[in-house]
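J.: Structure below; questions to follow.
The values are calculated or read from the model by the stated rules, or taken from the named source; none is laboratory data. Keep in mind it's a predicted model, so treat the numbers as computed, not measured. Backbone-built Cβ (ideal geometry, glycine too); neighbour counts: all protein chains shown. Please note that ligands, DNA and RNA were not included when accessible areas were found on the heavy atoms of the full protein model with its side chains. Shrake-Rupley method; radii C 1.70, N 1.55, O 1.52, S 1.80 Å.
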Amino acid sequence: MNPYRALRNKYYRNFWVVQSISLIGTWIDTTLRGWVAVNMFAENKASGFIGLIAFLKGFPSVFFSPVAGVLIDWFGPKNILLYSQVIDAVNAFIMAYLVWKGLLSPYVLLALSLAMGITSGFYLPSRNTFISNIVPKELLPNALALHSMIFNVARMIGPTIAGFIVKSYGLQVGFIVNAISFVPLIVVLFFIPDNYSSSSNVSFKRFFLDLRDGIRYVIKNDVLSRTFIGLTMYSLFGMPFGMLMQAFVKSVVKYDILGYSLIMGMMGVGAFIGANVVASINSKRLITLREDFLLLIIGLSILAASFQPKLVPISAFIVGACQSSFFNITNSRTQLLSPSDMKGRTISLYSFINTGGSPTGTFVLGLLGNVLGVKNVYILSGIILLFFSFIRLINLVNSTKSRTTTF
């Protein structure tokens, strides 16, 4: 099947193009903020500060993603998405100005990261729900895979661009590029029709009832609850592999920012390939795939990078490919198994785990890295993922044997 078939939809194609631009800017910003944080502190404190930044950029979604889910079902995903991107654009311009003037301090960096964390709680669920509103249901998994593809192409290109910008022009230019990258997305959103009808049943009391109904739906659905448990484990112990990479590169691999950019670029290349593979899979087949095999491979790759730092680029490539496939499978399954009037809430809970779990895991593992060393923290996370995936696969084999015996 054509892995780019969703691009035939004009509105999705326009959104896809401007999101590509914005995401490249976002990865430039992510790379430079991490590098700024590394160089603000001594080596034995850097990983903890990076973890704190990641925590502030993601943990607020624990509170705001469920809120966003109800607001999306009430007012439509386009409005929530638009407002979140305007706020992020303002944040980016402030960051660019402070770096240009040399006024950035650790406390200001933490405050701006917290602001990004709040808006991310609204951005991720509104973006995914918005995509499902502008493409037919049969094209949704492909559209999500293509979106994952540009995210990971941006992860491949953005850090590389950031490294060369810093070497040639300075940090401030990289942050300015990110600030400008929001403009095309904000403009194009105004021209994409919003077919969503706002809810008339809006009240403070109704908000908590709708929020409760969304949580109950996920808990009672065995497939979704199993999916969310696997997502939780990967967010806590798999995502920190990339989010703590600045500290790992500096203290273990002994590379500079160009070496770090190369490693993150390899992770992006792997993710691009993984997204292409998943985009070619039929939607009915896609949602039945078991992501536990991917978690097993990711755990092994993290351990390989920990014991043989020279293998980090290869491990990053493998983790990127598996991570991209993992998120496409779990995201598509969540959307396709959710009724239209519940989709905003189920996707918000998905984002709640993803954007809340990964910074939490990064923060905790980052603090442990200050005590045990980043290398030992990588070993710990790899072992946990291996153990979890191994238990899930054993249960899968046992349940399969039980069904066969019964038959």
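J.: Please verify whether segment 343-354 includes one or more residues that are more than 24 Å from L139 (Cβ to Cβ), open to solvent by 10 Å² or more (accessible area, probe 1.4 Å) and touching a Ser or Thr at 6+ places or on another chain (Cβ under 7 Å).
T.: Looking for residues that are more than 24 Å from L139 (Cβ to Cβ), open to solvent by 10 Å² or more (accessible area, probe 1.4 Å) and touching a Ser or Thr at 6+ places or on another chain (Cβ under 7 Å), one finds at least one in segment 343-354, hence yes.
Every residue, every condition in (1) within 18 Å of the chain's Cα centre (by Cα); (2) touching a residue at least 12 places away in the same chain (Cβ under 8 Å); (3) not in a helix (DSSP H, G or I), yes or no:
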{"site": "F272", "(1), (2), (3)": "yes, yes, no"}
{"site": "I281", "(1), (2), (3)": "no, yes, yes"}
{"site": "L289", "(1), (2), (3)": "no, yes, yes"}
{"site": "I298", "(1), (2), (3)": "yes, yes, no"}
{"site": "P313", "(1), (2), (3)": "no, yes, no"}
{"site": "V319", "(1), (2), (3)": "yes, yes, no"}
{"site": "C322", "(1), (2), (3)": "yes, yes, no"}
{"site": "S332", "(1), (2), (3)": "yes, yes, no"}
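J.: Let me ask you something else. Taking only segment 246-270 into account, find how many residues are surrounded by fewer than 17 Cβ atoms within 10 Å (Cβ to Cβ), at pLDDT below 75 and assigned to a helix (DSSP H, G or I).
T.: Final tally of qualifying residues: 1.
J.: Which of the residues belonging to segment 293-342 are within 25 Å of A143 (Cα to Cα), open to solvent by 10 Å² or more (accessible area, probe 1.4 Å), of a type in the set (A, V, I, L, M) and modelled with pLDDT of 85 or more?
T.: Hits for segment 293-342 are L294, I318, A321.
J.: I've got another one for you. Which pairs have Cβ atoms under 7 Å, sit 6 or more apart or on different chains, and link a residue in segment 83-103 that is part of a helix (DSSP H, G or I) to one that is open to solvent by 60 Å² or more (accessible area, probe 1.4 Å)?
T.: A96/I176
J.: Take S235 and tell me if it is small (G, A, S) and open to solvent by 30 Å² or more (accessible area, probe 1.4 Å). Show your work before the answer.
T.: On the way: small (G, A, S): yes; open to solvent by 30 Å² or more (accessible area, probe 1.4 Å): no.
So S235 fails the test.
J.: Take the conditions surrounded by fewer than 22 Cβ atoms within 10 Å (Cβ to Cβ), closer than 30 Å to N282 by Cα and of a type in the set (K, R) and apply them to K137. Does it pass?
T.: Criteria met by K137.
J.: Could you tell me which numbered condition F191 fails, if it satisfies all but one of (1) more than 25 Å from S332 (Cα to Cα); (2) part of a helix (DSSP H, G or I); (3) modelled with pLDDT of 85 or more?
T.: Answer for F191: the failing condition is (2).
J.: Can you name the residue in segment 356-379 that is of a type in the set (A, V, I, L, M, F, W, C), open to solvent by less than 70 Å² (accessible area, probe 1.4 Å) and in contact (Cβ under 8 Å) with a residue 24 or more places away in the chain and, of all such residues, is farthest from F64 (Cα to Cα)?
T.: Across segment 356-379, the extreme among qualifying residues is I379.
J.: Here is a check on your reading of the model: is I273 touching a helix residue (DSSP H, G or I) at 6+ places or on another chain (Cβ under 6 Å) and surrounded by fewer than 19 Cβ atoms within 10 Å (Cβ to Cβ)?
T.: Taking the combined requirement at face value, the residue satisfies it.
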